């Protein structure tokens with residue numbers, strides 16, 4: 001399994017040290033004091049004494065009231081890690097590109113329109129694309145993610161939000177070498193074996209390289 005890195009991409013690194021993510025509630029306490037520089041941001045928010053994988057709920061943003069009145073069914077789904085594992089297995093027989101991102105990750109946001117187009121192209125080539133958000137799994141955050149997705153990819157349900165109970169078990173189940181940095185892409189072959197990862201923003205030639213590996 002090959003690992004690809006983009007050295008010029010700004011990455012948001014999440015050191016995933018918490019015990020469990022909260023379903024609701026406001027952010028309390030102070031996060032870990034970790035130096036930040038232009039190439040990385042490490043988030044460690046404290047939720048009721050446990051460090052959370054997820055950033056705090058976003059501040060209110062101006063949205064179209066007509067869109068706001070649409071049924072709750074148009075919001076993104078919140079899924080568990082067990083549901084994610086079942087989702088990955090359901091793609092057995094077809095190669096899969098699994099992508100982790102978040103709305104508070106600026107590099108992630110810049111490539112959303114490209115990824116939505118790339119996902120459609122991959123589908124035509126027989127490769128599935130599964131984007132998963134690491135935003136906070138709360139109703140307020142789900143509304144924020146849905147609004148942003150409607151604006152960026154014209155689909156408010158394009159990417160589920162992941163609720164994580166055991167971070168270390170979750171990361172190990174995806175890739176034991178993954179330290180939590182996003183954006184990241186995991187390429188699985190048709191037998192759901194991890195063949196390659198790409199850390200950082202991705203371009204068309206790099207997408208092509210991922211597909212070449214999983215189609216062998």
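Please treat every number below as a calculation from the coordinates, not as lab data. Nothing here was measured: the structure is a model prediction, and the numbers come from that model. Positions of Cβ are backbone-derived with ideal geometry, glycine not excepted, and every protein chain shown enters the neighbour counts.
Could you give the length gained on full extension between residue 114 and residue 87, defined as 0.36 nm per residue of separation minus the Cα-Cα distance, in nm?
Gain on extension, residue 114 to residue 87, equals 7.4 nm.
Can you put 171, 215 in order, fewest other beta carbons within 10 Å first?
Going from sparsest to densest Cβ surroundings: 215, 171.
Could you state the number of Å between the C-alpha centres of region 73-129 and region 130-151?
If we compute the Cα centre of each part, the gap is 13 Å.
Using 13 Å as the cut-off for backbone N distance, which residues of region 190-205 belong to the label zone defined by a point 7 Å from the Cα of residue 121 along Cα→Cβ?
202-205
Between residue 209 and residue 154, what is the FRET efficiency for a Förster distance of 30 Å, r being their Cβ-Cβ separation, to the nearest 0.05?
The computed FRET efficiency comes out at 0.65.
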